[in-house]
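Worksheet: the structure to be examined is printed underneath.
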Amino acid sequence: MVQIGFKSNKGIIRRNNEDACFVIPGSDVYIVADGVGGNNSGEVASRTAVENIAGFVNDNDIRSNTTPEEIFAFMTEAIACANTAIYSMGTGQARYKGMATTVVMAYLYHGDAYIANLGDSRAYVFRGEEIRRVTKDHTYVNELIDKGVITEDEAEVHKQKNVITRALGAEPGVQPDFYKLPVNSEDILMLCTDGLYGEVGEEKMAQILAQGKNMNDTCADLVDAALMSGGRDNITVVCVRV
């Protein structure tokens, strides 16, 4: 049994919401995307991503895959299907040229969370009183951190901190990263766009997640915290309590 909540808000500064999310409770699949591109095409990219991945999940039996290798192969195919759709639109129609989107996808199966990501939308797990980031951002500044060029504190204020190095729809093929972790009873799996974690620190997130509210109220509180901190980007969050 899981309890699910989700919330999306365009924020205070942005005129439209280029984030998208999709939950498929019957399959225990959860998706968050954050689109990029001019002329509202980021909105089209993120929506196309979640709809295509959800469509693939609904058209194919994800639960027929029982090993980690099979599950990640299924997720790879679902993401590749979405990538093809976005890339085709971006190369075939001038108004969609250059559009792309981040994506983070999670699947719960037999006590484990299987997670795939591209870009800087993140997955976290909250256990006890502690929050832990699961995914690694595909960003320019993260590459600089890995190479020891800058520190994490310097990355926070770097002029190019929003430059993503991997995205859905940017290239003909994609290489998501994959993660598998055990989930315990009362754990909360959280997927979110940078509009949340860019405004709300992990300590504050943990305080909100620890309040024991239902997941919809928890998501609303997280979004409210991001708005109160500036709301400079679209904000989307999905929370799943096991």
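Bear in mind these aren't lab numbers, they're just calculated from the coordinates by the rules spelled out. Computed from a prediction, not measured in an experiment: that's the story for all the values here. FYI the Cβ positions are ideal-geometry reconstructions off the backbone, even for glycines, and counts take in every protein chain you see.
Close amide H contacts of residue 121 (hydrogens built in the peptide plane, cut-off under 5 Å, sequence separation of 5 or more or a different chain): 103. Our note on the geometry: Cα centres of segment 58-97 and segment 128-156, 27 Å apart. Summarising the label geometry, the points placed 7 Å from Cα in the beta-carbon direction at residue 81 and residue 94 lie 3.3 nm from one another. Scanning the chain for GluC sites (Glu not before Pro) in DSSP loops with at most 12 other Cβ atoms within 10 Å, what's the longest stretch left with none? Answer from the scan: 1-128.
Put in order of Cβ neighbour count within 10 Å, fewest first, the listed residues 209, 108 become 108, 209. If you look at the Cα atoms of segment 1-81, you get an Rg and a Dmax of 14.5, 44 Å.
Given in Å, the Rg to one decimal and the Dmax to the nearest whole number for the Cα atoms of segment 46-166 are 16.7, 49.
Among 121, 8, 64, the ranking by other beta carbons within 10 Å of each residue's beta carbon, starting with the fewest, stands as 64, 8, 121. The count of lysine pairs in the chain with alpha-carbon distances below 24 Å, taking only pairs 8 or more places apart or on different chains, stands at 18. Could you check how many percent of all C-alpha pairs in segment 3-235 are farther apart than 21 Å? I get 55 percent for the Cα pairs in segment 3-235 exceeding 21 Å. Placing unit charges on the Cβ atoms only, positive for Lys and Arg and negative for Asp and Glu, gives the chain a dipole magnitude near 600 debye about its Cα centre.
Between residue 11 and 235, the built amide H atoms are under 5 Å apart, and every one of these is 5 or more places off in sequence or on another chain.
For segment 3-235, relative contact order (Cα pairs under 8 Å, six or more residues apart, normalised by length) works out to 26 percent. Here r is the Cβ-Cβ distance between residue 157 and residue 211 and R0 is 22 Å; the resulting FRET efficiency, rounded to 0.05, is 0.15. The calculated 222 nm mean residue ellipticity attributable to helices in the chain amounts to -10500 deg cm²/dmol, summing -39500 (n - 2.57) over DSSP H runs of n ≥ 4 and dividing by all residues. Here, P(r) means the percent of Cα pairs in each 10 Å bin from 0 to the largest distance; for segment 120-242 it is 12, 40, 34, 13, 0. Candidates 115, 86, 4 compared by Cα position along the dipole of segment 3-235: farthest toward the positive end lies 86, with charges placed on Cβ. Coupling constants for segment 162-173 follow from the phi torsions by the Karplus curve (6.51 cos²θ - 1.76 cosθ + 1.60, θ = phi - 60°), and in residue order they are 9, 7, 9, 9, 9, 7, 7, x, 7, 9, x, x Hz; glycine and proline get x. About the centre of its Cα atoms, segment 55-180 shows a dipole size close to 360 debye [charges on the beta carbon of Lys, Arg (+1) and Asp, Glu (-1) only; nearest 20 debye].
Counting every other Cβ atom within 10 Å of each residue's Cβ, 34, 59, 194 order from fewest to most as 59, 194, 34. The residue list 239, 17, 183 was ranked by how far each Cα lies along the charge dipole of the chain toward its positive end, using unit charges on Cβ atoms, and 17 comes out on top.
Rounded to whole numbers, the Karplus 3J(HN,Hα) couplings from phi for segment 123-134 are 10, 10, 10, 10, 9, x, 10, 10, 10, 9, 7, 8 Hz, using 6.51 cos²θ - 1.76 cosθ + 1.60 with θ = phi - 60°, and x at Gly and Pro.
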